[in-house]
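The values are calculated or read from the model by the stated rules, or taken from the named source; none is laboratory data. Computed from a predicted structure; not experimentally measured. Glycine also receives a Cβ, built like all others from the backbone with ideal geometry; neighbour counts cover every protein chain displayed.
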Amino acid sequence: MEKSKPQFNIGIISRMDENKNIFEEPARYNLSHVQIVNWDVSLWEKIDPLRLREEAERRKITVNSIWVGYSGKVTWNFIEGPSTIGLVPRETREKRIMELLDGAHFASRFGAKAIVTHLGFLPENCRNPLYIETVDTVGEIARELEKMGLDFWFETGQETPVTLLRLIEDVGMSNTGINLDPANLVMYGKANPVDSLDVFGRHVRSLHIKDGLYPTTGKALGQEVPPGKGKVDFSGLLSRLCKLGFSGDLIIERELSGGDKDSEILSTISLLNSLIRNNPE
């Protein structure tokens, strides 16, 4: 019997907004899958998750997961990033734990299967107190999410693949996984995305479609570029994910300022459809 190809679903990120319908974004591009992103912690109380779910069902849109941000200063570079991003910094950790759990309660009421976030610059030294504390914190959150029937996915970026793999092993919870952003691995100079799958591929649950270039200074991240213009080998990535049995969604993320957004997203959808058709797996 001929082996059937995996059925990849193409989706897009849509940001929660009190003043607009967040499902207009996927509808504009005729997509039926979406990852909801929210950094405004006040919206967990202002927006009704049950009404949001009804709207998604009415539009026949599947929500891949809910990306949960947090309050406080966040600086996306190599200088201030380690002390401002995620759950690693002690100064903001307790507040962000509560904010992540608020987002999780919203996701649970909505009926999502997972929440996603950046953990921050995880120390590579597993005996570093910040690493040990972060493992304990992630385990605490994962156990609460398990009670809600939710998974906890970590978006790649600030840590090396082996460090993220070690954290997942040390936390030891079956509801943890990875939201693989291949551009982040490049832009933070952490790994070749295809090779990273040799390390943590079995834990990947969702894939961001974003491209980028490696850093050229020791202070600033590499530049984001449209998919197909950077260092991410999307053909190799999809082929390797197929071999690993990946069944998650391909979620387009565009954080570029300027340019022709609609044209770039439509071009990305066309690129993905071509890669899916021609994938030998």
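When each of 185, 180 is tested for being modelled with pLDDT of 95 or more, farther than 18 Å from residue 66 by Cβ and not aromatic (Phe, Trp, Tyr), the lone residue that passes is 185. Could you check the stretch 70-96 and list, in sequence order, the residues that are surrounded by fewer than 19 Cβ atoms within 10 Å (Cβ to Cβ) and closer than 28 Å to residue 11 by Cα? Result: 71, 74, 75, 76, 77. Of all residues in the stretch 222-235, how many are out of contact with any Pro (no Cβ under 6 Å at 6 or more places or on another chain) and either outside any loop (DSSP other than H, G, I, E, B) or closer than 13 Å to residue 184 by Cβ (or both)? Here the count works out to 7.
Restricting 24, 45 to those that are more than 18 Å from residue 254 (Cβ to Cβ), free of Cβ contacts under 8 Å to residues at least 60 places away in the same chain, surrounded by fewer than 20 Cβ atoms within 10 Å (Cβ to Cβ) and of a type in the set (D, E, K, R) reduces the list to 45.
Restricting the stretch 230-273 to residues that are among the small types (Gly, Ala, Ser) and surrounded by 12 or more Cβ atoms within 10 Å (Cβ to Cβ), the residue that is farthest from residue 192 (Cα to Cα) is 267. Residues in the stretch 171-187: is at least one out of contact with any helix residue (DSSP H, G or I) (no Cβ under 9 Å at 6 or more places or on another chain) and surrounded by fewer than 16 Cβ atoms within 10 Å (Cβ to Cβ)? No: the stretch 171-187 contains no residue that is out of contact with any helix residue (DSSP H, G or I) (no Cβ under 9 Å at 6 or more places or on another chain) and surrounded by fewer than 16 Cβ atoms within 10 Å (Cβ to Cβ). The condition (being out of contact with any Gly (no Cβ under 9 Å at 6 or more places or on another chain), crowded, with 22+ Cβ neighbours inside 10 Å, assigned to a helix (DSSP H, G or I) and of a type in the set (Val, Ile, Thr)) is satisfied by just one residue among 138, 162: 138.
Conditions tested, residue by residue: (1) under 16 Å from the mean Cα position of the chain (by Cα); (2) closer than 15 Å to residue 37 by Cα.
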| site | (1), (2) |
| --- | --- |
| 66 | yes, yes |
| 72 | no, no |
| 112 | yes, yes |
| 161 | yes, no |
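Please work out if residue 74 is among the aliphatic types (A, V, I, L, M) and without any contact (Cβ under 8 Å) to a residue 24 or more places away in the chain. Against the criterion (among the aliphatic types (A, V, I, L, M) and without any contact (Cβ under 8 Å) to a residue 24 or more places away in the chain), residue 74 qualifies. Only a single item in (1) over 21 Å from residue 244 (Cβ atoms); (2) assigned to a helix (DSSP H, G or I); (3) of a type in the set (Gly, Ala, Ser) is not met by residue 196, and it is number (1).
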